[in-house]
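The values are calculated or read from the model by the stated rules, or taken from the named source; none is laboratory data. Everything numeric here is computed off the predicted structure, so don't read it as measured data. Heads up, the Cβs are rebuilt from the backbone with ideal geometry, glycines too, and the neighbour counts pull from every protein chain shown.
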């Protein structure tokens, strides 16, 4: 086990921060491009965001780029009176504010606290989601996931609704999701477990993107992954 | 300032309660009208706004990973519908009306429309549909 850990590349704070910036900028560019077909007032906000994302990608003024994006994020929240795309927008803002603080903090320890908070929230995003499901009898019986496919607004085509008619599949799917989300924090104990856990998590987000059209969740959650790799090496290894 | 804090707080201290309860789900339906008061005596011709396709090819599903503006806008309008039912605001109503209007052909013979919200829920093993909101009439050109 020690050999496996020793063979893994060390992810420094600076590298984790920079890779997070790049992934966030790319995720924001994807989101922003989808708003270019909107009316002028909405489009202008996202044209400005595209410019700030390009600045962030260059890495030349990361503090100002993240601060500008955070301010713009607030304006966008006001424009839509809340998130446009629910949890994915909130995760994007969380990453953004943590990155901004990781640049602006007065000392290295506070910079690390900012990125560590992001890693902690990423871990909680899975664990709490699993917890709130497993305490619900409808999730334990498979009924809740059946309802998602049967009548929620999420399935992207009518054929996917037929999954609701397969009780064994929705029951197995419900328990697979709940158990994975609940055990996710234990993957922090070993680097190989974390790689496996995040790979499964990415596949989970990919499935949600395909079945429910939640493409923004897929890209934005990936952007938070570098922080948890760094956090594991910083705290657990 | 307080409004900004209320908007940003759920992002900085997230609840992460995804799909904790599967509640009734709103659908937006639209009816076009030749005259502004056509539906005053009874609604006819209601159609689901942006009905989902029967199926999608694997190519289309993969393309939507990178480019999915219409679906994401539809999800936003579902959020607006949920907000409207929870606490009606002019913002939610205007967002739904203006985005419906943007997708309607202004040259058609019916220059007005209304939208309504239909709540779909499960009662026992059966699905129930209930009309819970009917909008005022809107002009297709003005939204």
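Some points to look at:
- Scope the stretch B:50-66; condition assigned to a loop (DSSP other than H, G, I, E, B) and either at pLDDT below 95 or at the interface with another protein chain (Cβ under 7 Å from one of its Cβ atoms) (or both); matching residues: B:52, B:53, B:54, B:55, B:56, B:64, B:65, B:66
- Qualifying residue in the stretch A:178-187 (condition: away from every other protein chain (no Cβ under 12 Å), more than 24 Å from the chain's Cα centre (by Cα) and either in a helix (DSSP H, G or I) or over 23 Å from residue A:217 (Cα atoms) (or both)): no
- In the stretch A:78-95, the residues that are under 18 Å from residue A:118 (Cα atoms) and modelled with pLDDT of 95 or more: A:88, A:89, A:90, A:91, A:92, A:93, A:94, A:95
- Complete set of residues in the stretch A:68-85 that are within 10 Å of chain B (Cβ to nearest Cβ) and more than 19 Å from residue A:213 (Cβ to Cβ): A:70, A:73, A:74, A:75, A:76, A:77, A:78, A:79, A:81, A:82
- Residues being over 30 Å from residue A:182 (Cα atoms) and either at pLDDT below 95 or away from chain A (no Cβ under 11 Å) (or both) - total across the stretch B:18-47: 19
- Selection count, the stretch A:27-57, where residues are more than 14 Å from every other protein chain (Cβ to nearest Cβ), touching a helix residue (DSSP H, G or I) at 6+ places or on another chain (Cβ under 6 Å) and without any contact (Cβ under 8 Å) to a residue 24 or more places away in the chain: 3
- Taking residues in the stretch B:1-17 that are free of Cβ contacts under 8 Å to residues at least 40 places away in the same chain and more than 7 Å from chain A (Cβ to nearest Cβ), and partners anywhere that are outside any helix (DSSP H, G or I) and surrounded by 10 or more Cβ atoms within 10 Å (Cβ to Cβ), not one pair has Cβ atoms closer than 8 Å while being at least 6 places apart or on different chains.
- For the stretch A:58-67, the condition of being surrounded by 22 or more Cβ atoms within 10 Å (Cβ to Cβ) and either farther than 29 Å from residue B:90 by Cα or more than 10 Å from chain B (Cβ to nearest Cβ) (or both) holds for at least one residue.
Residue by residue, here is whether (1) outside any strand (DSSP E or B); (2) within 11 Å of the chain's Cα centre (by Cα); (3) within 10 Å of another protein chain (Cβ to nearest Cβ) holds:
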| position | (1), (2), (3) |
| --- | --- |
| B:81 | yes, yes, yes |
| B:93 | yes, yes, no |
| B:97 | yes, yes, no |
| B:101 | yes, no, no |
| B:104 | yes, no, no |
| B:108 | yes, no, no |
| B:113 | no, no, no |
| B:116 | no, yes, no |
| B:122 | no, no, yes |
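- When every residue of the stretch A:86-101 is checked against the conditions, at least one turns out to be over 14 Å from the mean Cα position of the chain (by Cα), more than 7 Å from every other protein chain (Cβ to nearest Cβ) and farther than 21 Å from residue A:233 by Cα.
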